[in-house]
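To keep things clear, I will list the structure first and then write my remarks on it.
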Amino acid sequence: MNRRTVFLTTLAVTTALTLTACGSDEPDTSAKGGDKATEATTPSSSASTSASDGRPKIELPADVKLTFEGGETGDPVKDAILADNAERMRAVDAAITGTDPKGEALAFYNTGKALKAAQDWVAQFEGAGATMTGETRYYDREVSLKDEDSATLTFCADESKGFSKDKKTGEIHKTPVTENSYVLYNTRLDKSSDGVWRTSQIISTRGAEQCQP
């Protein structure tokens, strides 16, 4: 779960710490002033979410916990965006931990460059023979609507209590908490014809000042 650990202790790679969509495909971050979400925890912090309306059921191992703050803004559109983003993050971790080995939820909640980035991220864990354990908290989640079918969402991740784990030995690779334990995500979501807000572009910045405790 602590994404930095895969690179620093398992892969020893320091050149690719983020999932990035580059160039003209980066999210338009010019829209500012989206309402800040309230400090509530969404149901998506549980170990599993049930399938509904054709959505895939997402399950996570008992030792993996995701907490999403600010799930209810009072705006049903923004709430739907926040909910689908939470499922997107859960889908990535389900693919990494092996509870969604085919990546069905991953493909459901991602599209375009975001899907490719997510698949590459999962592949790096697989290549390292690693999975994840622990807790990640997502906070300061702010939605800005671009139009009725697209939006930007920024949020922070606290990975200080999450770590990578060797699949074969079960050894947990713990690392000290540093500024790099906190990550800023800048994403774009597009509403599909079936009403799902799919992440299409994603940029992350590890050690971002605005996410520090």
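The values are calculated or read from the model by the stated rules, or taken from the named source; none is laboratory data. Everything quoted here is computed from the prediction, not taken from an experiment. Ideal geometry is used to build each Cβ from the backbone, glycine not excepted, and the neighbour counts take in all protein chains shown. The area values use the complete protein model at the heavy-atom level, side chains included, leaving out ligands, DNA and RNA. Shrake-Rupley method; radii C 1.70, N 1.55, O 1.52, S 1.80 Å.
Please give every one of the lysines within straight-line cross-link reach of Lys161, meaning a C-alpha to C-alpha distance under 19 Å, and leave out same-chain neighbours fewer than 8 residues apart.
Cross-link targets: Lys65, Lys174.
Under 8 Å for C-alpha pairs, at least 6 residues apart: give me the relative contact order for the range 115-171, rounded to a whole percent.
Computed over the range 115-171, the figure is 38 percent.
For the range 91-128, which trypsin sites (Lys or Arg not before Pro) are in a loop by DSSP, counting at most 15 other Cβ atoms within 10 Å?
Passing both the DSSP loop test and the Cβ count: Lys102.
In percent, what relative contact order does the range 70-213 have, based on Cα pairs under 8 Å that are 6 or more apart in sequence?
Computed over the range 70-213, the figure is 23 percent.
From the C-alpha coordinates alone, can you work out the Kirkwood hydrodynamic radius of the range 69-213, in Å?
15.8 Å
At 1.4 Å probe size, with every protein chain present, just tell me what the per residue accessible area of the range 63-178 comes to in Å².
For the range 63-178, the per-residue accessible area is 40 Å².
Which percent of the accessible area of the range 120-194 is formed by carbon and sulfur heavy atoms (probe 1.4 angstrom)?
Here it works out to 44 percent.
For the range 56-140, report the convex hull volume of the alpha-carbon atoms normalised per residue, in Å³, without decimals.
Here the figure is 103 Å³ per residue.
Enumerate the whole-percent occupancy of each 5 Å bin, from 0 to the last occupied one, for all C-alpha pair distances of the range 139-207.
4, 15, 18, 16, 13, 12, 10, 7, 3, 1
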